[in-house]
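Enquirer: Sharing a structure, written as structure tokens. Questions coming.
The values are calculated or read from the model by the stated rules, or taken from the named source; none is laboratory data. Keep in mind it's a predicted model, so treat the numbers as computed, not measured. Every residue, glycine as well, gets a Cβ built from its backbone with ideal geometry; the counts of neighbours run over all protein chains shown. Accessible surface is based on the protein model in full, side chains and every heavy atom, while ligands, DNA and RNA are left aside. Shrake-Rupley method; radii C 1.70, N 1.55, O 1.52, S 1.80 Å.
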Amino acid sequence: MYSITSKGGARRQFLRRGAAMAALVAGWSNATRAAAAQLRDTTLRIGTYKGGDSYYFNEAGVDNIPYKTAVAEFAGGNLIVEAMSSGSLDFGGMSEIPPIFAAAGGAPMKVIAVLRGDVNNQVVLVPKNSGITDPAQFKGKRIGYVRSTTSHYFLIQLLKENGLTFKDIEPVALLPQDALAAFKSGQLDAWVIYGLVVEFAKSQGARVLRTAKGYLSGNYVISASTPAIADPLKHQAIGDYLQRVAKVYDWINKNPDRWATRSGQIAGVPPQFFLNQVKSRSEPYKLIPVDEAAIKSQQKVADVFAEAGLLSRRVDVRPIWDTSFAKYLT
């Protein structure tokens with residue numbers, strides 16, 4: 001884990017929080033002022049990714065947070081779930097898949113909001129000179145994917161659609177960076193993958209065989225630990241933080257060029273990589289409250305994993321959803 005708050009940044013954040021709190025408490029009752037003071041001393045432990053939404057709080061004008069935050073970066077949503085399950089995190093985002101496996105293991109966490117977003121940045125890639133033109137040709141081929149992720153689910157559905165199973169291919173489960181090296185060296189015939197590595201591979205000649213549009217829901221989820229949800233002060237902080245994240249995505253949607261420039265600086269890659277994602281995305285990102293459609297979508301995914309033998313039993317996902325934060329996003 002890595003904290004993104006420097007000493008100088010911490011001082012600036014402290015001063016901003018103090019100003020924000022002073023503005024809030026003006027005219028409040030003594031009881032309300034006491035509650036505000038308690039919130040100021042509350043620390044929300046947040047899991048994110050390099051270049052995640054917390055990087056753009058300043059640009060979106062929502063960096064005057066009236067409580068403490070401890071932000072840690074992770075390489076994947078499954079790792080955020082693991083940290084939350086171990087009691088190390090209060091809040092984090094991921095695809096709709098990691099919480100399914102967490103639910104199967106009884107992890108102390110709930111899904112509290114849905115981030116509707118792009119599925120065209122999740123694709124099937126083949127080498128530039130590949131003769132593969134259809135997933136029906138995957139039989140006997142070496143297909144890369146990321147285990148227990150949207151990549152895994154996408155591959156299962158592609159194979160099923162073409163009358164194939166994992167037994168018909170040579171599945172190669174690799175983390176994205178390892179798979180990129182394997183793909184470049186010709187060790188994979190096709191690669192089901194997502195995110196920025198797609199742009200790296202395309203810039204070096206890889207061809208997109210399919211996007212995940214029509215296969216994935218576009219639902220990414222925000223989760224919180226059950227102890228944090230049960231804590232009144234952390235519950236309030238989580239609700240406030242959700243509102244700030246929603247405003248960050250509004251800013252990104254309205255300022256794609258500025259977002260791409262800043263993201264390129266953070267990742268150390270050409271901003272065009274991010275602009276390419278914006279231009280081809282299936283829909284803009286928007287943070288919304290938990291709804292019935294999202295619950296049903298996740299149940300469908302869970303059932304597919306159960307049928308594929310990747311879960312020991314069928315998992316009912318409904319109990320892992322929490323609607324108590326809807327008021328912050330409506």
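Enquirer: Is there a residue being in contact with a Leu (Cβ under 8 Å, 6 or more places away or on another chain), under 22 Å from ALA212 (Cβ atoms) and among the aromatic types (Phe, Trp, Tyr) anywhere in segment 308-329? Outline the logic, then answer.
Expert: Initial filter on segment 308-329 (in contact with a Leu (Cβ under 8 Å, 6 or more places away or on another chain)): 325, 328-329.
Next, from what is left, pick out any that are under 22 Å from ALA212 (Cβ atoms): none.
Taking every residue of segment 308-329 in turn, none turns out to be in contact with a Leu (Cβ under 8 Å, 6 or more places away or on another chain), under 22 Å from ALA212 (Cβ atoms) and among the aromatic types (Phe, Trp, Tyr).
Enquirer: Further question: What residue, of ASP90, ASP63, is assigned by the TED database to the domain that holds THR323 and within 19 Å of the chain's Cα centre (by Cα)? Give the derivation first.
Expert: Details: ASP63 fails: within 19 Å of the chain's Cα centre (by Cα).
The unique qualifying residue is ASP90.
Enquirer: Here is a list: LEU164, LEU180, LEU159, LEU155. Which entry is at pLDDT 95 or above, under 18 Å from THR211 (Cβ atoms) and out of contact with any strand residue (DSSP E or B) (no Cβ under 7 Å at 6 or more places or on another chain)?
Expert: Numbers: LEU164 fails: under 18 Å from THR211 (Cβ atoms); LEU180 fails: under 18 Å from THR211 (Cβ atoms); LEU155 fails: out of contact with any strand residue (DSSP E or B) (no Cβ under 7 Å at 6 or more places or on another chain).
Result of the check over LEU164, LEU180, LEU159, LEU155: LEU159.
Enquirer: So if I check each of SER185, SER263, SER280, SER203, which one is among the polar types (S, T, N, Q) and in contact with a helix residue (DSSP H, G or I) (Cβ under 6 Å, 6 or more places away or on another chain)?
Expert: Details: SER185 fails: in contact with a helix residue (DSSP H, G or I) (Cβ under 6 Å, 6 or more places away or on another chain); SER280 fails: in contact with a helix residue (DSSP H, G or I) (Cβ under 6 Å, 6 or more places away or on another chain); SER203 fails: in contact with a helix residue (DSSP H, G or I) (Cβ under 6 Å, 6 or more places away or on another chain).
Every option except SER263 fails the conditions.
To keep it simple, each residue is scored yes or no on (1) part of a loop (DSSP other than H, G, I, E, B); (2) open to solvent by 40 Å² or more (accessible area, probe 1.4 Å).
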{"position": "PHE101", "(1), (2)": "no, yes"}
{"position": "SER130", "(1), (2)": "yes, no"}
{"position": "GLY163", "(1), (2)": "yes, yes"}
{"position": "PRO171", "(1), (2)": "no, yes"}
{"position": "ALA179", "(1), (2)": "no, no"}
{"position": "PHE183", "(1), (2)": "no, no"}
{"position": "GLY186", "(1), (2)": "yes, yes"}
{"position": "ILE193", "(1), (2)": "no, no"}
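Enquirer: Here's something else I'd like to know. Are any of the residues in segment 79-88 more than 17 Å from ALA224 (Cβ to Cβ) and either touching a residue at least 60 places away in the same chain (Cβ under 8 Å) or outside any loop (DSSP other than H, G, I, E, B) (or both)?
Expert: The first filter runs over segment 79-88 and keeps only residues more than 17 Å from ALA224 (Cβ to Cβ), leaving none.
Looking through segment 79-88, none of the residues is more than 17 Å from ALA224 (Cβ to Cβ) and either touching a residue at least 60 places away in the same chain (Cβ under 8 Å) or outside any loop (DSSP other than H, G, I, E, B) (or both).
Enquirer: For segment 141-154, indicate whether the set of residues that are under 21 Å from ALA308 (Cα atoms), assigned by the TED database to the domain that holds SER324 and surrounded by fewer than 22 Cβ atoms within 10 Å (Cβ to Cβ) is non-empty. Can you show your working first?
Expert: Step one: list which residues in segment 141-154 are under 21 Å from ALA308 (Cα atoms), which gives 141-154.
Checking the rest, the ones that are also assigned by the TED database to the domain that holds SER324 come to none.
No: zero hits.
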